[in-house]
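So the structure is just underneath, and the comments pick up after that.
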Amino acid sequence: MIPVTFDLAKYPTVDTIRLLASLLERMTIANDLLNKTQQQQQQQPTSQRRASLQTTTPAYTRFHARLVPSIDIYSYLSRILKYCPCANECFLSLLVYFDRMSKNSLALNGKPFTIDSFNIHRLIISGVMVSSKFFSDVFYTNTRYAKVGGLPVSELNSLELEFLKLNSFNLTVSICELQKYGDQLL
């Protein structure tokens, strides 16, 4: 039996974002439940809390919104694709960048970086914008990405810088790495 592989050049981008949205949706739901459990544990009396030290309290970053956006992840990715089209690399690289951010955040801030419903949309728009600038010869302005993402330009500018810092300004993703993440999506 021949293993199924993700064809970076020919796989339809619409299908890529469908797979990506499904993965991100499952991830955010799991992390939302984890955050809720941690908040409940923090509300315990101090003596019980000390017994279960919370070293995994999520770090709140610039990416966290006050409220969870009403648009679902798939619709948000579809909106970005419609108004700021880019190739599969831009969407697949999000997974690489998110993994790097999770690893780097602990070293930089001393706290883990958790992707949840409060930050996923801002992570997506800033990540697609950054990856589009890196991978594409032609890309859109921050003003356009801000309009598509529903954010003020000044906020998206600060998110872009934070995104770059959490990735140690390393946006390089090898084809092998993209292929690995694409294959895992299938």
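Overview of values
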item	result
Loop sites in region 59-162: chymotrypsin sites (Phe, Trp or Tyr not before Pro), DSSP, at most 15 other Cβ within 10 Å	Tyr60
Kyte-Doolittle mean at least -1.0 and Cα axial length at least 27 Å: DSSP H helices in the chain	13-42, 88-109
Computed label-point distance, nm, for sites Val138 and Leu164 using a 7 Å Cα→Cβ extension	2.4
The chain - Cys residues lacking any other Cys C-beta under 4.7 Å	Cys84, Cys176
Accessible area expressed per residue, the chain, with surrounding protein chains retained (probe 1.4 Å, Å²)	55
Reachable lysines from Lys111, criterion Cα separation under 27 angstrom, eight or more residues apart if same chain	Lys36, Lys103, Lys165
For region 123-153 and region 78-118, distance of Cα centres in Å	13
Rounded percent of accessible protein surface that carbon and sulfur make up, the chain, 1.4 Å probe	57
FRET efficiency, Ser154 to Lys103 (Cβ-Cβ, R0 41 Å, nearest 0.05)	0.90
Hits among lysines - C-alpha to C-alpha of Lys82 under 24 Å, sequence gap 8 or more where chains match	Lys10, Lys133, Lys147
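The values are calculated or read from the model by the stated rules, or taken from the named source; none is laboratory data. Predicted model only: the values in this text are computed from it and were never measured. Counting neighbours? That spans all protein chains shown, and the Cβs are built from the backbone with ideal geometry, glycine included. Accessible surface areas use protein heavy atoms only, side chains included; no ligands, DNA or RNA. Shrake-Rupley method; radii C 1.70, N 1.55, O 1.52, S 1.80 Å.
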